Each structure stands twice: as structure tokens, then as C-alpha cells.
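Where a number appears in this text, it was derived from the coordinates with a stated rule and is not lab data. Computed from a predicted model, the values in this text were never measured in an experiment. All Cβ positions, glycine included, derive from the backbone under ideal geometry; neighbour counts span all protein chains shown.
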Amino acid sequence: MEEKSQEGLTIKKEENFSEWYQQLILKANLADYSSVSGCIIFRPESYLIWEKIVQECDKEFKKAGIKNCYFPLFIPEKSFEREQEHVKGFTPEVAWVTQAGNTKLSERLAIRPTSEAIMYESYAKWIRSWRDLPLRYNQWNNVVRWEFNNPVPFFRTREFLWNEGHSVFATEKEALQEGKQIREIYEKVVGEIMALPGIYGRKTEKEKFAGAVFSEKLHYFLSNGRVIEGPCFHHDGQNFSKAYQIKFLDKDAKEKYGWQNTYALSTRMLGTMFAVHSDDKGLVIPPKIAENKIVIIPILFDKTKEKVLKEAEKIKKELKEFSPVLDSREDYSPGRKFSEWELKGIPLRIEIGPKDLEKKQVIIVKRNDSKKSEIKITSLKKEVPKLLEEIQNELYNKAEKLLKSNIEKAETKKEFLNLIKNKKVAIIPMCSSEKCEDVLKEETNGAKTLFLDPKGTSAKGRKCIICDKPAEYFVYSGKTY
């Protein structure tokens, strides 16, 4: 019997998602806990993936004409307080610097929870004429948000990484057009590369970004019934431009306020990808975002070792475009190696032993479903890309099925509560009262309105599922991290 690694997952995903996820993150070397509560260490295995996301997003941003910049981490309190709705929304989460060495600061400095306050002071100085617009800047940085009780690696951490785009346009029409472009970029990167299907929807007034006219986000579903709020786009109208005096002279020499947007994608998407695709064996990484797409495991015996290793090296060279790993360790059994690389999530495993050598073939195993196939060595260059594309599509389709099969309409409050209890997302009629949203959260032990029905289905003749007054729209409701 093959020796198996004792370092794998000991909890099944469907039995205890939370414990399974914690084990996955630690045992697959994705992250570790730091000595600061709520702050994690990104290990190279996860940071490589984040770098790939940054690279792909950045490529699309630059195509769109968006430029990168960097603003300070510290924001003076007087700057932070100029947009009151924004301040009110973020105050509970802000960490403050009050002392440097032994000297008390004359003014508190906020550690960046988001950068509107520090960026827009400069925007007001730089923008003078319509010729200065559009101004479309983005920065890749870290932010700190302190207010929460249950940190979860990648999903909820006090410090996280993201992009934050901040645009200014001369007209509302241009600003709204950018929203479609940003959505397409995020859907391309997350959908096509990370194999994650999402639903794009507009937030209710209660759930929108503090200071925005409206907020829209992509939403993803996990098998534990939780919804992840992913990449976001906020149309800020002229709220911030009026607070920070971002004005320009138009072509008729009339002074006008700019129209603004903000948008972001964060390291939360790493956790989403890990949680959606991975299984009881460990990590599953979509081929398009995997650093190493293949692991080659030679089956070694004393008499044939030299020949098998020689052929394995040739295969590695032949498939170098897929960054293959050759595991030629002799002190590990094949079974232990299989388990280790399954835990690490490499999309394809190639096995080659003396019998395969005689047949001039290899055994290829797909990580996502463990299906094996025998492939002639001469056909590898042709067959490997097909298998990788197959895995990518299968992961997307499986995630899409999970998402769609867990969304149901509720006709009554009893049905709604039952759906939430059974870890589903419910589509329900509601009025726009924030009080009803508070009651909804209380009665479901934490569910909230996620977004308005993207199809815009009329709620005419329907009653709010909470207060029984006329409903104004249908909303999706569920629990989030």
C-alpha cells in the first residue's frame, strides 16, 4: 500500500466548511496568521496569484487609458472630514495615528481605509479646465479597516490589498459609461481567468458605499451558503467634487463640478477562488491563473530510474511554456507526492514509470475531477492545452451551477426565512425602508439585502415581505462574510 501524506486536509468541505477552509489556507501554504489580530501573512503561493490578478487587471486598465499613481497611507483628520456621509460610513473602521516617538501629533492621522480624502485634495489643485479631463487614476495599495469581530483569512482582514480607481469626468454621461467599461474588465479577469461566475447588481440605499449616488458589485456564492461581495463600482456623482471643490472651466468658460466614480477589486477574491473551487483533497487552481500548470512525477525503481528521469526531464523541457514542476525526490513515495501536489492544487499531474516508457506514453490526471488518461509522449504538446482548457471550463461551469441552483424566489416570509435557514439566496419583494432591512437582518440572524434584481422585474401588486406595505422592487437577500 502506498504511503500517504499526513499533511492533507482532515475535514470535509460539506461537513464543516469553516474548519475545512482554515485547514486549506494553512496546509496549502496560502497564508498564515500574524501576531496582529485580524492581519494575515500572504505566503508566496497566494501572493503569486494576487500578482497575476494585478497584472491582468492592470493590462486592461492601461488599455482603457487609466494611469497608475500612489498617494500617502496617512490622511489628516481635517481632510477626512470634508464629506460627511463618507466620514459617517467609515468612522467606526478607521485606525488613527496620534503619536510619533514620544511626541503627540498636533492632528490625528487616519490610516487609509480608502483614499478619497487624500486624493481629492490634489485633484482639486490639478483640475482647472475641461482640457484636464477625464482624469482616470488608479492605485494598487493596502488599506486598514479595523471594525469587525470575526476575521477570516482573505475574506475579512483588518489590512487587505486592492486596487482603487478614482475618476473625474466633465459629464455625468461619461462617468456612467465608465461603469460599463470597469464592469467588463472585472468580469473578464474574475470570470475568464479565475473561473468565477458572478451576478452583477446594484445595492440598496442602505447598503451603498458611503458618499456614493449608487453602488454596484459582483456577487459570488460559496457552498456554505455565504455570498461574497466582489469587485465594486461606485458612481459618486458630484458629492465628493462639491465637498473637495473639484471644479473646472468648461468650453463656454463656465465653472462646473466634476462627475466622479470609484471602483475596486481586493484580495477577498483570492479567498473566493480558493473556497469555490477547492475540494477535500486541497487546493484547486484554475489553469489560467496557476503559476505551475503541471507537475511531473516519475515512478522510480533502481533498475529503470535513470531512463525514467531522463525522459521526465525531456518532457519538462518540451512543456516548459506551462512552467512544469519535476518532482524527482527519491525519499518520498509516489502516493505521498500525489497527495502533496493535490493539496497544492496544480491543474495537471503527469505520471511516468518504466511501463509507460515501454509504451511511449504517460498517465495524465486532472486535478479537478481526478480523471486519468493515457497519452502518447509525442502528443503531449497537442493534448495538454486541450486538457487545461477543459479544466478551466469545467471549474467555471461547476461554480455557475452552484450559484444558480442556490437562488430561489420566496413568496411568503415563512418561505424566505426557510430559504435563508437552508443557506440559500432568496429573491423577495421589498419596500425601500431601511428599517425593513434592519428587521430582515435581525430576523434572519445576519442576512441582508444583497442587490436589486438585475432584471428589473416589476414588483407592482406585490407587498414587502417584511412590513406588508407595497413593494418597490425585488431584491436578492442572503448572508455574507
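Can you give me the relative contact order of the chain as a percent, contacts being Cα pairs under 8 Å and 6 or more apart?
Rounded, it is 14 percent for the chain.
Round to the nearest 10 and give me the degree value, 0 to 90, for the angle of helix 172-187's Cα axis relative to the longest principal axis of the chain.
Compared with the principal axis, the helix lies near 20 degrees.
State the extension gain, in nm to one decimal, for the chain segment bounded by Lys256 and Ser323, taking 0.36 nm per residue of separation less the distance between their alpha-carbons.
Length gained between Lys256 and Ser323: 18.8 nm.
With each label point set 7 Å from Cα along the Cα-Cβ vector, what nm distance links Leu176 and Asn29?
Each label point lies 7 Å from its Cα, and together they span 5.1 nm.
Compute the length gained on full extension between Cys467 and Asp302: take 0.36 nm times their separation in residues and subtract their Cα-Cα distance, giving the result in nm to one decimal.
51.8 nm
Which of the three applies to region 352-396, rounded, prolate or oblate, going by the alpha-carbon gyration tensor with a ≥ b ≥ c and a/c under 1.5 meaning rounded?
Taking the square roots of the gyration eigenvalues as a ≥ b ≥ c, region 352-396 is oblate.
Cα axis of helix 380-404 to longest principal axis of the chain: angle in degrees, 0 to 90, nearest 10?
Helix 380-404 sits roughly 40 degrees off the main axis of the chain.
Can you work out the FRET efficiency for the pair Lys382 and Lys359, with r the C-beta to C-beta distance and R0 = 25 Å, to the nearest 0.05?
Calculated value: 0.90.
When the Cα atoms of region 41-177 are enclosed in a convex hull and the volume is divided per residue, what value in Å³ results?
Taking the convex hull of the Cα positions in region 41-177, it is 154 Å³ per residue.
Report the full-extension gain for the segment Lys104 to Trp126: residue separation times 0.36 nm, less the Cα-Cα distance, to one decimal in nm.
Between Lys104 and Trp126, full extension yields an extra 4.7 nm.
So, how do all the Cα-to-Cα distances of region 300-347 break down into 10 Å bins, in percent, from 0 on up?
23, 49, 28, 1
Per the Kirkwood formula on distinct C-alpha pairs, the Rh of region 1-100 is how many angstrom?
Value: 18.5 Å, from the Cα pair sum.
Quick one: of the DSSP bridges fully inside the chain, what percent are antiparallel, nearest 5?
For the chain, the DSSP antiparallel bridge percentage is about 80.
How many nm separate the modelled label positions at Glu184 and Asn393, each set 7 Å beyond the Cα in the direction of the Cβ?
2.4 nm
Among the listed pairs Lys188/Lys310; Lys27/Lys435; Lys63/Lys293; Lys217/Lys288; Lys281/Lys376, give every one whose C-alpha distance is greater than 32 Å.
Beyond 32 Å between Cα atoms: Lys188/Lys310; Lys27/Lys435.
Helix 305-318 sits at what angle to the longest principal axis of the chain, using alpha carbons and giving 0 to 90 degrees rounded to 10?
Roughly 40 degrees between the two axes.
How about Lys125: which lysines have a C-alpha closer than 25 Å to its C-alpha, ignoring those fewer than 8 places off in the same chain?
Within the straight-line cut-off, Lys125 pairs with Lys62, Lys67, Lys78, Lys173, Lys242, Lys247, Lys251, Lys254, Lys256.
Counting other C-beta atoms within 10 Å, and keeping those with at most 14, which DSSP coil GluC sites (Glu not before Pro) do you find in region 9-66?
Listed in order of number, the matching sites are Glu14, Glu15.
Please compute the alpha carbon radius of gyration of region 364-481, then divide it by the globular-protein estimate 2.2 N^0.38 Å. Two decimals is fine.
Output field value: 1.60.
Would you please give the FRET efficiency between Thr457 and Lys413, computed as 1/(1 + (r/R0)^6) with r the Cβ-Cβ distance and R0 = 25 Å, to the nearest 0.05?
E(calc), rounded to 0.05, equals 0.85.
Compute the Cα gyration tensor for region 315-370, then decide on rounded, prolate or oblate, letting a ≥ b ≥ c be the square roots of its eigenvalues: rounded whenever a/c is under 1.5, prolate when a/b is larger than b/c in the other cases, and oblate in all that remain.
rounded
With r defined as the distance between the Cβ atoms of Asp331 and Arg43 and R0 fixed at 22 Å, what FRET efficiency is calculated, to the nearest 0.05?
0.35
Along the principal axes of its C-alpha atoms, what lengths does region 235-367 span, in descending order and rounded to whole Å?
Rounded to whole Å, the extents work out to 86, 32, 22 Å.
Relative to the compact-globule scaling 2.2 N^0.38 Å, provide the ratio for the alpha-carbon radius of gyration of the chain.
Its radius of gyration relative to the 2.2 N^0.38 Å reference: 1.12.
Can you sort Ile391, Ile346 by how many other beta carbons sit within 10 Å, fewest first?
Ascending Cβ contact count within 10 Å gives the list Ile346, Ile391.
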